[in-house]
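Worksheet for the structure shown next.
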């Protein structure tokens, strides 16, 4: 989790700083951080609220930005099939890009679904603790990372560190290169919908490449 948690510290600091600049009080900042717990959606919501946007616009924008979690949760479902409703609820709330990426990179090393769930909760707990502390630090002290450090690259680099070990053969590499190319081409699509399109097209390509030929 070190590459992932290191990458989100500056991101959390930015969110905390923006909350402070938007005149959120401590309780409001902590409340959003706990109940929303979605960095990109939080950034969009803060920006819209400072512009006096209608609350429905804020909510819908957050939902659209977080549509990718439908794909993540569908991929997580097999591991949580035998879990209790409470465990599923907590797992859904803790689901982030980072926790899903860590799970995807390591699930084949876990012998049972029960072990996978334990691993997921452990990774998610580490993630949420670092995120909460980073946001609170940003809220209290401002964005403490100087721009010259270039820490805004920390998040994508941490994902690269997770993806590279999973590229086990040529098919994996093809899908990875395809998704990277499409995501760059669709980067300017509003509401981060380019990410949803990229993920959908990449899944279709992966299914095509791994299909079983019927004689």
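Where a number appears in this text, it was derived from the coordinates with a stated rule and is not lab data. Remember, predicted model here, so these are calculated numbers, not experimental data. As a convention, Cβ positions derive from the backbone with ideal geometry for all residues, glycine included, and neighbour counts pool all protein chains shown.
For this structure, a couple of remarks:
- Between the helical axis of 97-106 and the longest alpha-carbon principal axis of the chain there is an angle of about 30 degrees.
- Between the Cα long axis of helix 170-185 and the first principal axis of the chain there is an angle of about 30°, rounded to the nearest 10.
- Computed from Cα atoms, the angle from the helix 193-209 axis to the main principal axis of the chain rounds to 10 degrees.
- Only helical runs count toward this figure. For the chain, summing -39,500 (n - 2.57) over DSSP H runs of n ≥ 4 and dividing by all residues gives -23000 deg cm²/dmol at 222 nm.
- Structure-derived Cα Rg over 2.2 N^0.38 Å: which label, when the choices are (i) 1.08; (ii) 1.23; (iii) 1.17: (i)
- Contact order, relative form, for the chain: 35 percent (alpha carbon pairs under 8 Å, 6 or more residues apart, mean separation divided by residue count).
- Each peptide in 22-31, 133-142 was scored by the mean count of other Cβ atoms within 10 Å over its residues; highest first, the order is 133-142, 22-31.
- Taking other Cβ atoms within 10 Å as a rough exposure proxy, 115, 108 sort from fewest to most as 108, 115.
- Burial ranking of peptide ranges 194-207, 90-103 (average Cβ count within 10 Å, highest at the top): 90-103, 194-207
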